[in-house]
1. When the dipole is taken about the Cα centre of region 2-294, and only Lys, Arg (+1) and Asp, Glu (-1) are charged at their Cβ, what size is it in debye, to the nearest 20?
2. Tell me which trypsin sites (Lys or Arg not before Pro) from region 255-300 have a DSSP coil assignment and no more than 15 other beta carbons within 10 Å of their own.
3. Going by average Cβ neighbours within 10 Å, how do the peptides 118-127, 164-173, 188-197 rank, with the highest at the top?
4. Alpha carbon centre of region 49-99 versus region 107-176: separation in Å?
5. Just in region 138-191: which GluC sites (Glu not before Pro) are loop by DSSP and have at most 15 other Cβ atoms within 10 Å?
6. My understanding is that a pair violates if its Cα-Cα distance is over 30 Å; which of LYS85/LYS255; LYS85/LYS128; LYS161/LYS296; LYS68/LYS296; LYS65/LYS87 do that in this structure?
7. Mind checking which lysines have their C-alpha under 24 Å from LYS279, skipping anything on the same chain fewer than 8 residues away?
8. Determine, from the Cβ-Cβ distance of GLN254 and ASN63 and an R0 of 51 Å, the FRET efficiency 1/(1 + (r/R0)^6), rounded to the nearest 0.05.
Amino acid sequence: MGQPATVVDWRDPDMISKLVCGCVLAAGVAVAVERGEEIRLWPGGAPGSEGETAAEVFEAGANPKLQKRFTVVHYPSIYVFLPEKEKTTGAAVVVAPGGGHRTLVIDKEGYEIAAWLNARGVAAFVLKYRLARTAGSRYTVQEHALADTARAIRLVRSRAKEWSVDPARIGVMGFSAGGELAALAETRFDRGNDGASDPVERMSSRPDFAVVVYPGYRPGTVTVPKDAPPAFLVCADDDRSHVVTTVNLYLDLQKQGVSSEMHIYASGAHGFGMRPSEKPVATWPDRLRDWMAERKLLGQR
């Protein structure tokens, strides 16, 4: 349960615009909304949140199962979006929305991304992670939010057969703050603990590929190992601070010989997601599709 952080004014033109943009995604979003089962990453409570009983804070969505714009998260989870059986490719992506670690833009950079992936036969698992920079938060990015990301990858891998997922084709995609988590997941992983009593913890947290979209993180927090997975990076040139992190990550990947592809569009600013636009940046999902197809993550187009 939770309580709305704000009251939604349906007369607000901005709200109407957002709804129109959502409709442009057509049936894919509608199908995704019908699914969206929420599964907690740690049924008994996440490490660092044990014994927590406080309500999470979010803005209610049109579908009661899919809240949006979280501002307080204590119970990290994934929302499960599986493609139609006849379309499934076996690939899967854990999707980490952005929001500056102060909010979670889980509709625009979560559910809508899941719809795009599902339409291409890819299973999507939208991550609700703990927020480190909300007022009074006791959580940190590198201890709690990263742990949530790693656990999500492990959980998907542990239930791969149930969800018709290939455990060797599980990636991570992140936007902005979620892009930081995707970069951290790509560079700080382990092969699992064979002796763990929790079977999920026996799974590897290494993603098989990473999609990092306008990431934001402090210099020196990401160190690329030689066995980092291949990556796809994208941002807009008029989002200057995030250009720096994107380019630096690309160069670090290149230094380690890790296969990577980067796209920087002249304009698009921050937070373009996958919503329609007249700017060329709106075509970046096509480049991602091509990259995924080349890596055998998609079926026949």
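1. 220
2. LYS296
3. The densest-packed peptide leads the list: 118-127, 164-173, 188-197.
4. Using only Cα atoms, the two centres lie 8 Å from each other.
5. Values: sites: GLU143, GLU162, GLU180, GLU186; in loops: GLU162.
Hits after loop and neighbour filter: GLU162.
6. With Cα atoms farther than 30 Å apart: LYS85/LYS255; LYS68/LYS296.
7. LYS279 reaches LYS18, LYS108.
8. Taking R0 as 51 Å, the efficiency between GLN254 and ASN63 is 0.75.
The numbers here are math on the coordinates, done by the rules we state, and not lab data. Predicted, not measured: the structure shown is a model, and the values here were computed from it. Glycine also receives a Cβ, built like all others from the backbone with ideal geometry; neighbour counts cover every protein chain displayed.
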